[in-house]
Amino acid sequence: MITAAIVLAEAAALHQGLNAVQTQSYGPEARGGATRADVVISQEPIRYPKVIHPNLLVALTQEAYSKFASIIRPGGFLLVDSRFVRTARRVDARQVALPMYERVLAEIKKTVVFNICMLGALLRLTGVLQSEAIMQALRRRLPAGLLEINQQALELGMRLADEASKIV
């Protein structure tokens, strides 16, 4: 999640001309636990970097969902992975559960790009940034040999979002 947040913020600030701030917090349980990475993206100057009530929230573990779903702004958007998270009706947000992990495992066979698949789904479902901005940020951060697999993951996430949109 932290890497995805960094890529998202870099894409917004460096490749889409927006203002962006990224912060993170995690404890010793970071792998598989409730790691938190916040990104503020705005056309206006950002005067306060802390996210209190996010418009968008991504939870890829049940622990993260249980811990953070209650802070989402009413009417916000919540993206979860359907393998790892069971959603509850008590959250006042549009909740979308996609089989991102399973599809990454089945189609790409390397779960290390699960986070980039999530970014693709998030971009397609919310329009928060253009996918090319994410690819430009990835080109800056990754060795050339890893770009193709990350692009596949980004495109897979967008396809999953498109498939979900057809169902709804």
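The values are calculated or read from the model by the stated rules, or taken from the named source; none is laboratory data. For clarity, every value in this text was computed on a predicted model and none was experimentally measured. FYI the Cβ positions are ideal-geometry reconstructions off the backbone, even for glycines, and counts take in every protein chain you see.
Structure data summary
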item: Unique match (being surrounded by fewer than 13 Cβ atoms within 10 Å (Cβ to Cβ), touching a strand residue (DSSP E or B) at 6+ places or on another chain (Cβ under 9 Å) and not basic (Lys, Arg)) among GLY157, GLY145, GLY127, GLY75; result: GLY75
item: Yes/no for GLY157 being within 11 Å of the chain's Cα centre (by Cα) and either assigned to a helix (DSSP H, G or I) or of a type outside the set (A, V, I, L, M) (or both); result: yes
item: The lone exception for GLU107 - which of (1) at pLDDT 95 or above; (2) charged (D, E, K, R); (3) within 23 Å of LEU56 (Cβ to Cβ); (4) more than 15 Å from the chain's Cα centre (by Cα) it fails; result: (3)
item: The range 148-168 residues that are farther than 19 Å from SER82 by Cβ, paired with ones that are of a type in the set (D, E, K, R) and in a helix (DSSP H, G or I) (beta carbon under 8 Å, 6 or more apart); result: GLN152/GLU107
item: Hey, SER165 loosely packed, with under 14 Cβ neighbours inside 10 Å and of a type in the set (S, T, N, Q) or not; result: yes
item: Every residue from the range 83-111 that is of a type in the set (Asp, Glu) and touching a helix residue (DSSP H, G or I) at 6+ places or on another chain (Cβ under 8 Å); result: GLU107
item: When residues of the range 110-142 are limited to those that are over 15 Å from the mean Cα position of the chain (by Cα) and touching a residue at least 12 places away in the same chain (Cβ under 8 Å), the one farthest from PRO54 (Cα to Cα); result: LYS110
